[in-house]
Amino acid sequence: LFRSVEMAPGDPILGLTEAYVADTRAEKVNLGVGIYYDEQGRIPLLDTVREVEQSLAAKGLPRGYIPIDGLPAYTKATQRLLFGADSSLLEAGRVATSQTIGGSGALRVGADLLKRVLPKAKIAISNPSWENHRVVFASAGFEVEDYRYYDPATHGLDFAGLLEDLGKLESGTVVLLHACCHNPTGVDLDTAQWKQVVELVKERQLLPFIDIAYQGFDQGTDADAQAIRLFADSGIEAFVVASSYSKSFSLYGERVGALSVVGASKEEAVRVQSMVKRVIRANYSSPSTHGGSLVAGVLGSDELRGRWEAELGAMRTRIHALRDGLVERLAAHGREFGFIREQAGMFSYSGLSKAQVDRLREEYAIYAIGTGRICVAALNQNNLDRVAAAVAAVTA
Ligand code: PMP
């Protein structure tokens with residue numbers, strides 16, 4: 001039966017990590033990852049998460065199924081975090097939110113839902129985008145186009161190209177937008193640019209699909225949700241948000257995400273939710289309990305929520321400091337990388353070429369993605385000097 005099955009291509013990022021693990025050089029550094037590491041090079045376990053986990057363990061609860069669309073305490077808290085506690089859309093009952101298997105599950109459930117509702121619609125994603133965006137939407141049957149986004153000449157946004165490309169999309173096209181901390185480039189829109197995009201999307205009757213996987217990693221939970229808030233205030237009838245707590249709660253393997261679909265009315269949102277539940281049922285039946293309970297436990301207590309915001313704030317502050325540290329050290333070597341300070345979140349398109357990335361790996365045991373993407377959150381005070389010196393050497 002499986003004789004004709006060909007070997008599927010490996011994931012390039014996971015392949016890089018395998019090579020890193022096999023590397024015996026003690027000074028090795030892996031900047032190819034998509035995870036926030038702390039100063040000790042570990043994935044943090046947040047204190048607030050640990051506390052909720054311990055109190056849950058002490059209760060020894062039974063392990064029944066949770067509802068298809070997740071824990072109500074989780075979805076309610078998620079809505080408030082995304083749309084704001086005083087959101088008029090929430091007040092009007094226009095948002096249908098489901099707990100999903102990570103942000104990836106939200107993307108897939110959202111894609112399947114839209115395929116049912118708009119069978120002929122295409123989707124446009126940024127060039128470049130997180131590789132899985134194309135894969136998920138193509139697997140759900142979408143034709144995937146791209147819109148211009150990154151300008152290698154400035155290491156910043158090609159805003160004119162973005163507007164021109166969005167302006168040419170057929171009405172009804174789904175547009176995938178990264179709310180903040182764009183993966184892989186780290187290049188984001190500012191408030192004025194978001195306002196222009198919201199106007200254009202409205203005028204062209206496009207359907208915004210906002211992916212927010214790094215809320216709180218740049219400026220804070222409210223500021224990083226500005227795209228959602230602007231769309232919410234725009235009068236646009238419908239849009240979709242896929243969100244993830246993998247990074248903001250450091251709960252990667254617990255697979256905690258959510259899909260929020262905004263409809264024109266409460267009644268519409270109720271019907272949409274019934275359809276989302278069918279999609280989930282057909283995919284994986286219901287989400288998992290543990291991660292959702294941890295997030296709901298933290299966000300459901302004012303005291304824990306405040307402390308979580310502080311823990312998240314510490315991760316964000318450290319990322320900014322690492323960006324500054326890298327830029328300053330490179331400047332000391334006579335290299336101008338000031339744009340790394342302007343980019344946001346865990347990732348930076350460093351501008352390093354494939355050949356330079358190969359040299360970093362072969363000569364310096366520093367691993368980065370061939371596109372030049374580096375994970376700033378994998379830097380620390382121990383490896384910054386070495387990384388800066390090596391980058392200076394390969395860019396000589
Ligand atoms: N969207 C983007 C832009 C991401 O970078 C990621 C995670 N790397 C996800 C979605 C998916 O997140 P999760 O791990 O929660 O599935």
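Classification of the range 177-298 by its C-alpha gyration tensor yields an oblate form. The axis ratio a/c (a ≥ b ≥ c) is 1.5 or more, and b/c is at least a/b.
For I35, I374, the sequence from fewest to most other C-beta atoms within 10 Å is I35, I374. Relative to the longest principal axis of the Cα atoms of the chain, the long axis of helix 266-283 lies at roughly 60 degrees. Bridgeable lysines around K59 (alpha carbons under 18 Å apart, same-chain partners fewer than 8 residues away excluded) are absent. Between E342 and E237, the modelled labels are 3.9 nm apart [label points 7 Å from Cα along Cα→Cβ].
For the range 50-102, a Kirkwood hydrodynamic radius built from all Cα pairs, placed in the Stokes-Einstein relation at 4 °C and 1.567 mPa s, yields a translational diffusion coefficient of 100 µm²/s. In the chain, the longest principal axis of the Cα atoms and the axis of helix 354-364 are about 60 degrees apart. Using the beta-carbon distance between R25 and R3 and R0 = 51 Å, what value does 1/(1 + (r/R0)^6) give for FRET efficiency, to the nearest 0.05? Efficiency, rounded to the nearest 0.05: 0.80. Spherically averaged projected area of the convex hull of Cα atoms, the range 97-239: 8.1 nm². Relative to the longest principal axis of the Cα atoms of the chain, the long axis of helix 302-332 lies at roughly 30 degrees. The residue list G370, G351, T100 was ranked by how far each Cα lies along the charge dipole of the chain toward its positive end, using unit charges on Cβ atoms, and T100 comes out on top. With each label modelled as a point 7 angstrom along the Cα→C-beta vector, the L118-A355 pair spans 4.3 nm.
Backbone N atoms of the range 270-298 closer than 19 Å to the 7 Å Cα→Cβ label point of Y65 belong to residues 273-293. In the range 63-300, a dipole from Cβ-located charges (positive for Lys and Arg, negative for Asp and Glu) runs towards its positive end, and of H178, L251, Y147 it is L251 whose Cα lies farthest in that direction. Of the peptides 363-372, 2-11, the ranking by mean beta-carbon count within 10 Å, highest at the top, reads 363-372, 2-11.
The range 32-71 and the range 141-174 have their alpha-carbon centroids 36 Å apart.
For the chain, the normalised intensity computed at q = 0.08 Å⁻¹ comes to -0.43 (log10 of I(q)/I(0), Debye sum over alpha carbons, equal scatterers, no solvent).
Simple point charges give the picture: +1 on the Cβ of Lys and Arg, -1 on the Cβ of Asp and Glu, and for the chain a dipole about the Cα centre of about 1060 debye. Structure note, pairs K115/K195; K247/K354; K122/K202; K76/K277: Cα-Cα distances above 21 angstrom occur for K115/K195; K247/K354.
The stretch between A57 and S265, if pulled fully straight at 0.36 nm per residue, gains 70.9 nm over its current Cα-Cα span. Both radii are taken from the alpha-carbon atoms of the range 336-396; with Rh as the Kirkwood radius, Rg/Rh is 0.92.
With the simple model of a label 7 Å out from the Cα in the direction of the Cβ, S171 to E145 spans 1.5 nm.
Any read-out appearing in this document is the output of simple, stated calculations on the displayed coordinates, not a laboratory observation. Because the structure is a prediction, the values reported are computed rather than measured. Methodologically, a virtual Cβ is constructed for each residue, glycine included, from the backbone with ideal geometry; neighbour enumeration extends over all protein chains shown.
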